[in-house]
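Working notes for the structure below.
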Amino acid sequence: MNTHQPLQLVVKEPEPGAFVWTLMETDAGGQPVKVVRRAEEPAGTYEAALAAGTRALDAQLHPRAEARA
């Protein structure tokens, strides 16, 4: 059985037109408790930040798949 730490992907706009994603580890209640990974640079759109965050989430959950790519 393969288990993963519970993660949450969050996209925020700290400045107008600058979107950043953050992967957060969550507790049993789903509350964020620790930053696992975050964007190095902001994206210009919410959609671009969401896509980049989704790729990071996939890489976090499947690290060997990223190494083969």
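Bear in mind that the values in this text are calculations on the coordinates, not laboratory data. Predicted, not measured: the structure shown is a model, and the values here were computed from it. Glycine gets a Cβ as well: all are built from the backbone with ideal geometry, and neighbour counts include every protein chain shown.
Out of everything in segment 1-35 that is hydroxyl-bearing (Ser, Thr, Tyr) and without any contact (Cβ under 8 Å) to a residue 24 or more places away in the chain, what residue ends up being surrounded by the fewest Cβ atoms within 10 Å (Cβ to Cβ)? Checking each candidate, the answer is 3. Of all the listed residues (38, 64), the sole one being on the phi < 0 side of the Ramachandran plot, surrounded by 13 or more Cβ atoms within 10 Å (Cβ to Cβ) and basic (Lys, Arg) is 38.
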